[in-house]
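Q: Structure provided below as structure tokens; questions to follow.
The values are calculated or read from the model by the stated rules, or taken from the named source; none is laboratory data. Just so you know, these numbers come straight off a predicted model, no measurement behind them. Glycine gets a Cβ as well: all are built from the backbone with ideal geometry, and neighbour counts include every protein chain shown.
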Amino acid sequence: MTRIFLADDHPMIRTALEVLLRDTGFEIVGTAVTGDAALREIDRLRPDILLLDLQMPGGNGMDVLRRIRAGKSKLRVILLTAAIDDSALLEAKALKVEGMVMKNSDPAFLLDCLDHVRHGRGWIDPELGERARQLAGTLADGGRATLAPRERQLIGFVRQGLRNREIAGELGVTEGTIKVYLHALFEKLGVSNRTELAIRADEFLA
């Protein structure tokens, strides 16, 4: 039995997923309605897969994903979302999320995704996969990536010459989380290191 932890603040979604996974090879061993609670319970329960809503109070889904990756956890993560902007989509790909499923998709998509992820393979909703390919093509052709406010803030700190520890203090996160943020940002912007990011900061922030 594959052990699932569900982080989602919508009661109907939680109930629907419990019904969907009944009599399958998946068992929901815990739930949480905030990002902070999800992190605490994941650490306690050690599930195999995390089903993670992007929009939650107390630390949204992307914050939870970043902190999991910063902690070098082997937990496999599937994002559940009603909507995702280009910035979050690219960052999720850079953070090597194992799966992404749109909430308005056919429920069979989630079961397919879970089965792939359980066996060590990735799965992304076809709609999101096509968007990701288009975004990657745009960036390869010299287009500019859309930056989230946190990403713009991070570029500003790098331009000022702040070290990871100092940036972590400013943002109230761990130094490991900043390393994950920067790695995702390097991937997204096509730069190789923080020096190049600092040199090209004005270009990216324009």
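Q: Checking G161 against (1) surrounded by 13 or more Cβ atoms within 10 Å (Cβ to Cβ); (2) not assigned by TED's automatic domain parsing to the domain that holds D86, which test does it fail?
A: Every condition holds for G161 apart from (1).
Q: Between residues in segment 45-71 that are at positive phi and residues that are hydroxyl-bearing (S, T, Y), which pairs lie under 6 Å by C-beta distance while being six or more apart or on different chains?
A: So the pair list comes out as G58/T34.
Q: Considering only segment 19-56, state which residues are of a type in the set (D, E) and at pLDDT 90 or above.
A: Listed by number, the residues that qualify are E27, D36, E41, D43, D48, D53.
Q: Do you know which of the residues in segment 162-180 that are assigned to a loop (DSSP other than H, G, I, E, B) and modelled with pLDDT under 90 is farthest from K72 (Cα to Cα)?
A: G172
For every residue, the table says whether it meets (1) assigned to a loop (DSSP other than H, G, I, E, B); (2) under 18 Å from L111 (Cα atoms); (3) more than 20 Å from the chain's Cα centre (by Cα).
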| residue | (1), (2), (3) |
| --- | --- |
| I4 | no, yes, no |
| T15 | no, yes, yes |
| V19 | no, yes, yes |
| T24 | yes, yes, yes |
| V29 | no, yes, yes |
| L51 | no, yes, no |
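Q: Would you pick out the residues in segment 182-206 that are of a type in the set (S, T, Y) and at pLDDT below 85?
A: Correct list: S192 only.
Results for (1) outside any strand (DSSP E or B); (2) in contact with a Cys (Cβ under 6 Å, 6 or more places away or on another chain); (3) farther than 23 Å from I13 by Cα, shown as yes or no for each residue.
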| residue | (1), (2), (3) |
| --- | --- |
| S87 | yes, no, yes |
| K93 | yes, no, yes |
| K96 | yes, no, yes |
| M100 | no, no, no |
| N104 | yes, no, no |
| L110 | yes, no, no |
| D115 | yes, no, no |
| G120 | yes, no, yes |
| E127 | yes, no, no |
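Q: Looking for whichever is within 15 Å of the chain's Cα centre (by Cα) and among the small types (G, A, S) here; the options are A82, A168. Which one fits?
A: Answer to the selection: A82.
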